[in-house]
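Read through the structure below, which is laid out as structure tokens, and then see the notes.
The values are calculated or read from the model by the stated rules, or taken from the named source; none is laboratory data. Predicted, not measured: the structure shown is a model, and the values here were computed from it. All Cβ positions, glycine included, derive from the backbone under ideal geometry; neighbour counts span all protein chains shown. Ligands, DNA and RNA are stripped out before the accessible areas are found, and what is left, the full protein with its side chains, is counted by its heavy atoms. Shrake-Rupley method; radii C 1.70, N 1.55, O 1.52, S 1.80 Å.
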Amino acid sequence: MVDDTLQRREFLYGATTAGIVGLAGCSSSTGDTNNSPGGGSDGGSSDQSGTGGSGGGELSLRIGTSAGGTKNVGLAVERTVSQHSDKLDYATVESPGYVGTIYRMAQDQFSGGITDNNSLTKALTDRGSFSDKSAGEIPYYGFYAFPYSIYLIARDGTDIETFDDLAGKNVYPAEPGYSTRATTLDVWSQEPTKEIYEQMNIQNMGVGDAPGAMEEGRIDAAIAYGTPGAGYTGWVTEYDARLDVHYVEPTDALKESVATYSGAGSSTISMSDWSMQQDIGTDEVFTWDLEVNYTFTPEANADAVYELCRVVDEHNDVVNEAEAQFNDFESTADMLGSAREKIPVHPGAAKYYKENDAWDESLSVGE
């Protein structure tokens, strides 16, 4: 289990990410609880301001963010802006989950927000939470904030060794409403893993009850997730400490499902960089990733977005010192690591990437 001092992290990135790699479940609609590494809450449905703004320049951004771990990332960025920009005034505003943040940006309640690729992908096509009410306006991409990387473990004593062995078993993909759960089920429920998924007995309890249910044998397998190098979410650390578990090997079908699902990235992560408290029988894990991004409304001031990209890039170490969950960029291009061709990049961010020779020509610039 990762030490509370939170070391900076290094990843071996998978092919389906655009270049780099949760909440374990930021809530897809009204809030997210118990998602952040170390067990912090990521829930919240209030619209209260955070610190009231930082900096003091002529440019301003109000950034909507879920509570808990996601908000901690936002506050770390806010503190860095206050220390390293005399142009930008940055304010953190609490928002109800990743989906709620998309809706509120569309309503111009704030100029930017932290949300995830799966929610953005569904908003584009009016699926999932957006099937009854369209967002109307999709925010533009800014930069990659952090991943929630997800994989599978099983209780020792079961006959579960690979993903295919989950057919007929009691499987826990996190609490209903968590974005990590939604992303996991979205991946599993498509071809070629759909047949195995339909045979699983999906468990729907809260994360507070899950470790006990695993210990009692009522859950055979569950997802494990968190941000590599920063730690696992709280309920995962609890079952890690309470019972013996082992890694569930991915099949080629699972890897194919992850690769073809546009709402998730993938990674291969060394356990030496992200170990559990116990030996789960593998040196590395294959993960599907809930990719969390800074996004901005089309109306957000381009100079303000440019300045925020500059601060985050040039002072990435300062953000990491305040909150290890934030990505540790090796280059400016890594800030585009979770960008998608169907989601335009904000003009202010695109200008920054182009001026720093980091632009990806497969991407488009929003109007």
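At a glance:
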{"item": "Sole exception among (1) farther than 19 Å from ALA324 by Cβ; (2) at pLDDT 95 or above for SER45, by number", "result": "(2)"}
{"item": "Subset of segment 191-232 (residues that are over 16 Å from ILE153 (Cβ atoms) and in a loop (DSSP other than H, G, I, E, B))", "result": "GLU191, PRO192, THR193, ASN204, MET205, GLY206, GLY208, ASP209, GLU216, GLY229, ALA230"}
{"item": "Cβ-Cβ under 7 Å pairs, at least 6 apart or on other chains, segment 288-317 side within 23 Å of ASP357 (Cα to Cα) and of a type in the set (Asp, Glu), far side open to solvent by less than 10 Å² (accessible area, probe 1.4 Å) and part of a helix (DSSP H, G or I)", "result": "ASP303/GLY348; ASP313/MET335"}
{"item": "Per-region count, segment 121-180, residues β-branched (Val, Ile, Thr), open to solvent by 10 Å² or more (accessible area, probe 1.4 Å) and more than 22 Å from PHE296 (Cα to Cα)", "result": "2"}
{"item": "Complete set of residues in segment 233-256 that are part of a loop (DSSP other than H, G, I, E, B) and farther than 17 Å from TYR172 by Cα", "result": "THR251"}
{"item": "Yes/no for ASN320 being open to solvent by less than 40 Å² (accessible area, probe 1.4 Å), outside any helix (DSSP H, G or I) and among the polar types (S, T, N, Q)", "result": "no"}
{"item": "ASP186 vs. criteria modelled with pLDDT of 95 or more, assigned to a helix (DSSP H, G or I), open to solvent by less than 40 Å² (accessible area, probe 1.4 Å) and out of contact with any Pro (no Cβ under 9 Å at 6 or more places or on another chain)", "result": "yes"}
{"item": "Residue within segment 261-268 that is in a helix (DSSP H, G or I), of a type in the set (Phe, Trp, Tyr) and either over 22 Å from GLU161 (Cβ atoms) or open to solvent by 50 Å² or more (accessible area, probe 1.4 Å) (or both) present", "result": "no"}
{"item": "Segment 117-133 - residue that is in a helix (DSSP H, G or I), of a type in the set (Ser, Thr, Tyr) and farther than 15 Å from VAL292 by Cα and, of those, modelled with the lowest pLDDT", "result": "SER129"}
{"item": "Number of the condition not met by TYR178 [criteria: (1) closer than 16 Å to ALA224 by Cβ; (2) modelled with pLDDT of 95 or more]", "result": "(2)"}
{"item": "Some residue of segment 341-363 being farther than 23 Å from ARG79 by Cα, touching a strand residue (DSSP E or B) at 6+ places or on another chain (Cβ under 9 Å), of a type in the set (Ser, Thr, Tyr) and part of a loop (DSSP other than H, G, I, E, B)", "result": "no"}
